[in-house]
Structure formats: C-alpha cells, structure tokens
Amino acid sequence: MDWGTDLWDQYDHIDKHTQSGLDLVDRYIKFVKERTEIEQSYAKQLRSLSKKYANANAKRGSKEEQDCKFSNHASLQEILNELNDYAGQRELIAENMMTGICVELTKYLQDLKQERKTHLSDAKKAQQVLESSFKQLESTKKRYAKEWAESEKATQQAEKTESDLNATRLDVDKAKQHAHARTHTAEECRNDYAAQLQKYNKEQNFYYYSEIPQIFNKMQDMDERRIRSLAEGYCQFSEIEKKVLPIITKCLEGISSAGRKINEKQDSILFIEQHKSGFERPADLDFEDYTQGIRPATSDSSLNPPKVRAKLWPFSKKNKIAHAEKHMPPTAEDFSHLPPEQRKKRLQAKIDDITKELQKTQDQSEALEKMKGVYEQNPQMGDPSSLEPQISETAQNIGRLRGELAKYETWLSEAVGGEESSNAFNNNTQHGMVAADHSQGIYTDFDDEFEDVETPVGQCTALYTFEGNSEGTISITEGEMLSIMEDDKGDGWMRVLRASGDEGYIPSSYVKLAP
C-alpha cells in the first residue's frame, strides 16, 4: 500500500498530514531547547551552590585549615568538589542535546520544508496542465456541437428550398452549397473534438496513474524519513544522558565515599591531640579548720580557688587573646607561655617552617652559584660580580636561619627533655628536613610570617631583545642569561629573574632553554 495508489484523490489530506509532521519536528526541537535551558540553569545553580559553601570555608582562613583535618569537615569539601563535577556533566548533557538534536533537526527540518514545497508545486503544475487540457477539450466540444447544429439547420433549409416550387434552380444550388459547407465545417470540428478528447484522456491517464502517484509516493518517502529522523531524535534524548551516567554515577559514588571516610573516633582523638594542655587536674582542697583560728590570707589553703587553677586553659579560641592580655605575661619567643603539650607542638611547627625556608634559601644559593659559574665561563652572558650582593645576602640568610633553627631545637629539647628529643634532633639534622605534622596548622594564630624565597626552575638564554613596557613585564637583551621562576602555563609567557634582581614576565618564544 502506498499513497500514490490508495490516496490518489486525497491531495488536501496529504498536504495537511505532511505539514502536521513538520510542525511536530518543530515542536520537538523547541521542547529539547527548553530542556537544555533547564539543564544549564540547574548546572549553574549547582555550581553557585558549591562555590558559595566553598567560599564560606575559604573565608574562615586558618580556622578552615584546622577544621579540614577532621574527616567530617574534609568530606564536606570533597562533596562540594564532586557536586561541581556533577554540574559539569549536566552542562555536557545540555550542550550535546543542543548540538546533536536541536541543531541537526533544525537543519533537517529546513531541507524537508523545501522538499515538500517542491513536491506540492509539481502536483499543482500537473493539475494545472490537466485542467488546461480539459478546458481546451470543452472548447472544441462546444464548437463541434455548435457547428453540427448549424450544419443540420443548413441541410434542412436546402431540402426545404428544393421542395419549394417557387424556388429557382439557382436558389436550390445555393442552399445545397451552404449546407455542404456547414456539414464540412462540422466534420472538421468533430475531428478536432475527437483528437482533443483522445489527448485529454491520455493526459488524464498519465496524471492519475503515473504523475500524481509518483509525486505522492515521493511525499510518502519524505514523511517516512521525517518520522525515522524524529524517532532517532527521541532516542538521542535518552542516549545523550546515558553516556554521561557513568561519570554522574562516579560523582555520586564519590559523595557516598566521602561520607564513608568519616571516622568519628579519629576526629575525637585529633581534637584531643590539638587542644590538650598537659596539665594535671586540680588537687582536692584542704579542709580549713576555723576552730584553730583564721589562717593568714596568704596561706595556700583558703576558700578561694588555688592559684594552680590560673594555669588551666578552659578558654575558647576567641577568648584566648583577651585572657592572655589580662592575666598572662607577653608572648615569649620560646612559647614558654603555652601549656606543655601546646608548647612542644608550637616549637616543632616553628622548626618545620624554618627548615623549609632554609632549604629554599640553600636552593637559591646553589642556583646563584651555578649562574655565577656560567657567567665566569661566558662573560658575554653577564658580569659574575653583579651576583655577589645576592650571594652575600643569601649566605647571611642561611646563617641567620641556621642560628634560629639551633635555638628552637634547643628550646624543644628543653620542652621534651630526655634522650628521645636528642635522637629526634639528630635525625632531623642528618636529613636536613624535619617532617611537618599536619596537626600543627591549627596554631596559625601564633605563627611568625616568613617571606618565601622562590627557587629557579631552570635557566634560559635570551634570543632577542624585548622591551617590557606593560605592567608585569621586564626588558631583556639578546644573549642575556636568565633564571626561570615560573614556566609557561600555555599563554605564551614565563616569569624570569635577571642577574640585576629584576623579575617579571617575557614572551616564551624570546628565549632558549638551557640544557
């Protein structure tokens, strides 16, 4: 069964049906567009939510660094990260639906509209040709009828004239000639009518059995292709989301995993380690026997709390500073104002910071010595003497840091006491680095700030002269030896340090990396 055979006379219904199919495609495209807008809005809100709570944590500064050591705090940060990745997958769904469904179907819809317009136009033209042929048939038929009637009338008139006794021979011949001419004309019209009728029947047969069926079958094929494409679009609506489900599932699993990582006992132990003072609990108060007379006010036994209670630390962090200002001596460099356990942790954290800064300074010293050696071997690259101030300053910093390190190690030795501390110091000195305990970050309220000294990540030679006129850039000359402080991050710029001490960004293509 096909449209051309069974619907040969249903042009109007085919017209409406195919237009309805195109309208359905257009509706589906609009539907998917609105779905993508929902996905994009949802993803945007998820990202905003994740960023909001991540920023809230960041604003808390050192308090957040302290809290993140607890598993339940760290798990929340992991959940925020997973949620941000989840939002990215929702954006990917929206993007793929827009390009894979909306864009493709919109382009296909335009092609279908043009194809349908062409088929309908061909059907209209064929119909107009058949109607024109029918009009011509009607015209020849009417002429034939008219001429045949005139011929009958002329023949009757000739017979009447011939039977009239008063008519002359001339009148009879004239009447017969007129009747003969009319009959001849009628015969010609009859032949024309017959020929036109045969032509019309042939054209009508071609129209109904060949031309229109072919056009309608083409429209049927077009509509079936439209349905198949729309069906694929329906399937894509699901398949696009299915493709990202593994990643979405991974994000959700990450959230679940973050929840399973929480260890309440470990968090409690960590909290204890961070805040225990190391003091003994207050001893029992002695009974004061007033029957023996009132003791002096300076007696250790009184109704007032013993002085040892002044050494307790039952203060929240926000009250520590005010309490220290009112009831404690100024902060001591050796942290002797802190409880024993906190003092040991604070000294260890200070030693770790100094050790790290010392290592950086030593690395910088080695880099300067290497650069000096390069200048001495290749004077055209730079003056070795220009590095002397930096080398001297670095050496002084190394001496200062070593002195501070020894000082704090001595204080820690006093705080810890015994052979255990001595072994720990020897081990730290041998390796040149003291491992940092992650729990030390909670004492950042007492940290002394040190300026980090960056270590060059490599050396390079300037291939061309560059005039650094914009903010953040520096000028270099051809052949100059430079220290690379920050590699190219993909934007075509790197941060370098000149022998003169100037530091800034230059184009990566203007230098050649040293082997």
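Things worth noting here:
- Exactly one residue out of LEU109, LEU137 is touching a helix residue (DSSP H, G or I) at 6+ places or on another chain (Cβ under 8 Å) and modelled with pLDDT of 95 or more: that is LEU109.
- Lone qualifier among LYS307, LYS320, LYS326 - being within 49 Å of the chain's Cα centre (by Cα), on the phi < 0 side of the Ramachandran plot and modelled with pLDDT under 90: LYS320
- Residue in segment 65-117 that is farthest from SER229 (Cα to Cα), counting only those that are of a type in the set (A, V, I, L, M) and open to solvent by 70 Å² or more (accessible area, probe 1.4 Å): LEU76
- Filter result for GLN196 (of a type outside the set (Val, Ile, Thr), more than 60 Å from the chain's Cα centre (by Cα) and open to solvent by less than 50 Å² (accessible area, probe 1.4 Å)): yes
- Filter result for SER475 (polar (S, T, N, Q), in contact with a Gly (Cβ under 6 Å, 6 or more places away or on another chain) and at pLDDT 85 or above): yes
- Filter result for ASN217 (open to solvent by 50 Å² or more (accessible area, probe 1.4 Å), of a type outside the set (Asp, Glu), on the phi < 0 side of the Ramachandran plot and within 60 Å of the chain's Cα centre (by Cα)): yes
- Residue list for segment 337-382, filter: over 16 Å from ALA395 (Cβ atoms), within 41 Å of the chain's Cα centre (by Cα) and open to solvent by 60 Å² or more (accessible area, probe 1.4 Å): LYS356
- If only residues of segment 266-291 that are surrounded by fewer than 12 Cβ atoms within 10 Å (Cβ to Cβ) and hydroxyl-bearing (Ser, Thr, Tyr) are counted, the one that is farthest from ARG343 (Cα to Cα) is THR291.
- Verdict on ALA186 being more than 32 Å from the chain's Cα centre (by Cα), farther than 30 Å from TYR11 by Cβ and free of Cβ contacts under 8 Å to residues at least 40 places away in the same chain: no
- Residue list for segment 482-492, restricted to those being touching a residue at least 12 places away in the same chain (Cβ under 8 Å), surrounded by fewer than 19 Cβ atoms within 10 Å (Cβ to Cβ) and at negative phi: MET485, GLU486, ASP487, ASP488
- Residue selected from segment 189-208 under the condition of a type in the set (Phe, Trp, Tyr) and touching a residue at least 12 places away in the same chain (Cβ under 8 Å), by the criterion nearest to SER139 (Cα to Cα): TYR193
- A single entry from ARG260, ARG190, ARG226 fulfils the requirement of being open to solvent by less than 70 Å² (accessible area, probe 1.4 Å) and among the basic types (Lys, Arg): ARG226.
- Where VAL496 falls short, out of the listed (1) within 17 Å of LYS370 (Cα to Cα); (2) part of a loop (DSSP other than H, G, I, E, B): (2)
- TYR408 meets all of the listed conditions (1) loosely packed, with under 13 Cβ neighbours inside 10 Å; (2) farther than 17 Å from PRO456 by Cα but one, namely (1).
- Test result for TYR464, within 21 Å of VAL374 (Cα to Cα), at pLDDT 65 or above and not small (Gly, Ala, Ser): yes
The values are calculated or read from the model by the stated rules, or taken from the named source; none is laboratory data. Owing to the predicted nature of the structure, the values given are computational and were not obtained by experimental measurement. Every residue, glycine as well, gets a Cβ built from its backbone with ideal geometry; the counts of neighbours run over all protein chains shown. Only protein heavy atoms, including side chains, enter the accessible area calculation; ligands, DNA and RNA are left aside. Shrake-Rupley method; radii C 1.70, N 1.55, O 1.52, S 1.80 Å.
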